[in-house]
Amino acid sequence: MALTPPHEQDGTKDKVFEVTINGTRVVLDHDAVTYDELGQLAYPGHDPQAMFTVTYKNAISPHGGNGTLVAGESVKVKKKGTSFNVRLTTRS
């Protein structure tokens, strides 16, 4: 008898998305991630006025899966393999 991972036992198997943010694996329970959410995941407790440069690879997007997010935007992630680079940006 095979053991079933906990996330499959409770019926949420389809709601697990493994992404990488700044080289760290993060598990999400939803398929769309926002610019603001990525900032919070990458820099917990950051200044609310902080701005970020966000790039992504291997997402579900009309731009071939690669691109840049700006404030107010979101992108759909794949079940596995979507990666993000989130950097604090200084204001000029």
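Where a number appears in this text, it was derived from the coordinates with a stated rule and is not lab data. As the structure is a computational prediction, the values presented were derived from the model and not from experiment. Note that each Cβ is placed from the backbone with ideal geometry, even for glycine, and that neighbours are counted across all protein chains shown.
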For a Förster distance of 35 Å, can you work out the FRET efficiency between the beta-carbons of Q49 and V26, rounded to the nearest 0.05?
0.90
If the only charges are +1 at each Lys and Arg Cβ and -1 at each Asp and Glu Cβ, what is the size of the charge dipole of region 37-92 around the Cα centre, to the nearest 20 debye?
300
